[in-house]
Amino acid sequence: MRLILLGPPGAGKGTQAAQLVERYGIPQISTGDMLRAAVRAQTPMGLEAKACMDAGALVTDAVVVGIVRERLQQQDCAQGFILDGFPRTIPQAEALKGTLTALEMPLDAVVSLQVETNALVERLTGRRTCRNCGRGYHIRFDAPAKEGVCDACAGDLFQRDDDQAETIRHRLEVYHQQTAPLEDFYQAESLLKKVDGMAPIAVVQQQITALLQVI
Ligand code: AP5
Ligand code: MG
Ligand code: ZN
């Protein structure tokens with residue numbers, strides 16, 4: 001299964017990808033997670049990316065295309081993968097198409113999560129992430145048993161730097177300008193599948209797995 005999860009910030013890409021990883025045993029490739037790891041490790045790429053990420057702007061196409069191209073050639077992607085947060089611009093989508101054609105690994109589907117803007121803001125402001133294992137939570141919609149503590153590993157939960165109201169607004173603008181056109185791009189390739197992302201987490205997962213069964 002070779003899949004792209006498309007959708008605005010807070011649509012549930014990471015949440016759904018984590019469950020699909022469990023279900024299908026294929027890796028999640030999240031450019032956001034990879035960039036945040038590079039920032040933490042203070043690599044040259046991380047240092048360059050940090051300013052863009054803190055501002056809610058996109059990191060340059062060349063940087064993200066490079067890291068994804070490298071990642072896709074690793075052994076664990078041979079059985080499939082779930083791209084989360086990539087591609088995000090038409091040039092990234094074109095580059096991905098070239099890479100996957102060369103690797104003879106065509107995409108099976110592009111799942112686009114449809115969520116209203118008000119809900120996105122509420123999801124992002126209430127999001128918490130485990131510092132240790134990376135599991136995502138929401139203070140209302142997916143709360144841990146004990147506030148501030150990860151159910152899975154007892155790690156402490158933190159709020160992402162870019163989940164501040166002002167930065168969220170800018171990320172949403174960037175999405176509409178640069179990423180939303182990818183729906184038409186993948187519609188033209190007959191790969192686009194729209195899913196109602198407003199439903200509860202488990203229901204969205206059911207909708208995705210149901211449509212993957214018939215492709
Ligand atoms: P990235 O990390 O990709 O962030 P994003 O696209 O803004 O998306 P999020 O991770 O915020 O949202 P999500 O859809 O994963 O939602 P989640 O599942 O967590 O990118 C960050 C930055 O890195 C970018 O701004 C850019 O600078 C850079 N970058 C990354 N990729 C790049 C690229 N390709 N090119 C250039 N730059 C790039 O859910 C959110 C919350 O909602 C959680 O609390 C969750 O519990 C809750 N929730 C989820 N689903 C539901 C539901 N159905 N009902 C209720 N609550 C729900
Ligand atoms: Mg995410
Ligand atoms: Zn954890």
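Flag: Ala154 does not match the condition of being open to solvent by 80 Å² or more (accessible area, probe 1.4 Å), more than 19 Å from the chain's Cα centre (by Cα) and more than 27 Å from Ala95 (Cβ to Cβ). Exactly one residue out of Glu147, Glu104 is charged (D, E, K, R), free of Cβ contacts under 8 Å to residues at least 60 places away in the same chain, assigned to a loop (DSSP other than H, G, I, E, B) and closer than 24 Å to Ser190 by Cβ: that is Glu104.
If you take the residues in the range 1-47 that are within 16 Å of ligand 3 (Cβ to nearest atom) and of a type in the set (D, E, K, R), which one is most open to solvent (accessible area, probe 1.4 Å)? Selected residue: Arg40.
Looking for whichever is open to solvent by 60 Å² or more (accessible area, probe 1.4 Å) and either aromatic (Phe, Trp, Tyr) or in contact (Cβ under 8 Å) with a residue 24 or more places away in the chain (or both) here; the options are Arg127, Arg88. Which one fits?
Values: Arg127 fails: open to solvent by 60 Å² or more (accessible area, probe 1.4 Å).
The match here is Arg88.
Among the conditions (1) in contact with a Lys or Arg (Cβ under 7 Å, 6 or more places away or on another chain); (2) on the phi > 0 side of the Ramachandran plot; (3) not aliphatic (A, V, I, L, M), Glu104 misses just one, which is (1).
The values are calculated or read from the model by the stated rules, or taken from the named source; none is laboratory data. The structure presented is a predicted model; accordingly, all values stated were derived computationally and were not measured. Note that we place each Cβ from the backbone using ideal geometry, even for glycine, and neighbour counts take in every protein chain shown. Only protein heavy atoms, including side chains, enter the accessible area calculation; ligands, DNA and RNA are left aside. Shrake-Rupley method; radii C 1.70, N 1.55, O 1.52, S 1.80 Å.
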